[in-house]
Each structure stands twice: as C-alpha cells, then as structure tokens.
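Inspection log for the structure reproduced underneath, given as structure tokens.
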Amino acid sequence: MATSTFQSEFDTWLDGALSQAIPSSVVAFSFNLAEPWCIEVVGSDRYSNDDPDWACEESFRPDVEQLSLPEFEVGRTWELVLEEAKRLVSAYLDRPSPGSAVLRRAEAVAVGFVDGDIHRVWPR
C-alpha cells in the first residue's frame, strides 16, 4: 500500500490536472495505467457501462506529465498496481477538494490499463 507521502503526491498531481479548463461536455474520467508503472487522467464526452471503449474517446487531456508509480509504493505486478491505483483514486474522491468535486459530478470514474479492462470506481 502506498505511503501517505505518496498519496499526498498523487493528490497534488491530480489537483493540478483537474484545475485546468475541462470542457463542459466531459461526462466521465479514465485513469490510464501503463508500463513502466505510470498513471494519467483523461476525460471523455461519453460514458457507457456496456461499452468500455468510451474511455478511448478522449476530449480532455490535461497539460500535466504522467505520474510515475514507483514499485516500492504500488507493487511489482500489474494486479498490485491496478489495485493500488484504484485505492489512490478512491482516496482522492473521499478527500474534499475542488478536484474531487469535479470527479464526483461525473457519470463515471474508472481505472485501468490502456490495453486491459477498465474498472469503475465512481459511483461506487
């Protein structure tokens, strides 16, 4: 499990990403994971519980770098990284902030690898 210091780093990174001008047409957010372990957030104008490809249709990409996810914080296997990323995003959603309010207004917030399944973490 990531340390509180890394959760704080994640929160700061995401605050910066979500403080940018987000088009009003964005209805859902996807946290994309990739190797070497890193995370990015994008927004989409559509969401479908039945079609996971909604996350491929980006209409918002913040002007921030991807955040590296150090192995000692998130684990060595993709399964551990996915679970820890879901926990990081969920903890952010539970934290009162302008950015978390943006995410909670969305139809959906999901986490997944760019070439894998997507897992909705909001609404719970």
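Which whole-number value in Å² is the accessible area per residue of the chain, probe 1.4 Å?
Value for the chain: 53 Å² per residue.
If I compute solvent accessible area with a 1.4 Å probe over the protein chains, what percent of it on the chain is carbon and sulfur?
Taking all protein chains in place, the chain shows 51 percent carbon and sulfur surface.
At 1.306 mPa s and 10 °C, plugging the Kirkwood radius over alpha-carbon pairs of region 18-66 into Stokes-Einstein gives what diffusion coefficient in µm²/s?
It diffuses with D of about 140 µm²/s by this estimate.
Whole-Hz Karplus ³J(HN,Hα) for region 118-123, in order, using 6.51 cos²θ - 1.76 cosθ + 1.60 and θ = phi - 60°, x for Gly and Pro?
So the J values, rounded to whole Hz, are 10, 10, 6, 10, 8, x.
Over the chain, what is the mean sequence separation of C-alpha contacts under 8 Å (at least six apart), divided by residue count, expressed as relative contact order in percent?
29 percent
Please turn the phi angles of region 62-71 into ³J(HN,Hα) values with the Karplus equation 6.51 cos²θ - 1.76 cosθ + 1.60 (θ = phi - 60°), one per residue in order, whole Hz, x for glycine and proline.
Once rounded to whole Hz, the list reads x, 8, 9, 5, 4, 9, 5, 10, x, 4.
Provide the gained length on full extension for the span S25 to F72, in nm with one decimal, where the gain is 0.36 nm per separating residue minus the Cα-Cα distance.
Here the answer is 13.2 nm.
Using modelled backbone amide H atoms (1.01 Å from N, in-plane), which distant-in-sequence or interchain residues come within less than 5 Å of V27's amide H?
Amide H to amide H, under 5 Å and 5 or more residues apart or across chains, V27 pairs with S44, D45, R46.
Using a 7 Å offset from Cα along Cα-Cβ at S4, what residues in region 71-102 end up with backbone N under 17 Å from the label point?
Once the point is set 7 Å along Cα→Cβ of S4, 88, 91-92, 94-96 turn out to lie under 17 Å by backbone N, inside region 71-102.
Take every DSSP beta bridge whose two residues both sit in the chain, then give the antiparallel share in percent to the nearest 5.
Percent antiparallel among DSSP bridges in the chain is about 70.
Tally Lys/Arg at +1 and Asp/Glu at -1 over every other residue whose Cβ is under 14 Å from the Cβ of D45; what's the total?
Combined, the nearby Lys, Arg, Asp and Glu give -3.
Which part of region 24-62 falls in the paramagnetic zone of A101, meaning amide N under 20 Å from the point 7 Å along Cα-to-beta-carbon?
24-29
Mark the label point 7 Å from the Cα of V114 along Cα→Cβ and return the residues of region 1-41 whose backbone N is within less than 16 Å of it.
It comes to 30-41, nothing else.
Tell me, what are the semi-axes, in whole angstrom and largest first, of the equivalent ellipsoid of the chain as set by the roots of 5 times the Cα gyration tensor eigenvalues?
Over the Cα atoms of the chain, the ellipsoid semi-axes are 21, 17, 13 Å.
Near the amide H of S97, under 5 Å away, which other amide H atoms are found, from residues 5 or more places off or on another chain, if H is placed in the peptide plane?
none
The values are calculated or read from the model by the stated rules, or taken from the named source; none is laboratory data. Note that the structure is a prediction, hence the values are computed from the model and not measured. Counting neighbours? That spans all protein chains shown, and the Cβs are built from the backbone with ideal geometry, glycine included. The protein model used for the area step is the full one, side chains on, heavy atoms only, and it has no ligands, DNA or RNA in it. Shrake-Rupley method; radii C 1.70, N 1.55, O 1.52, S 1.80 Å.
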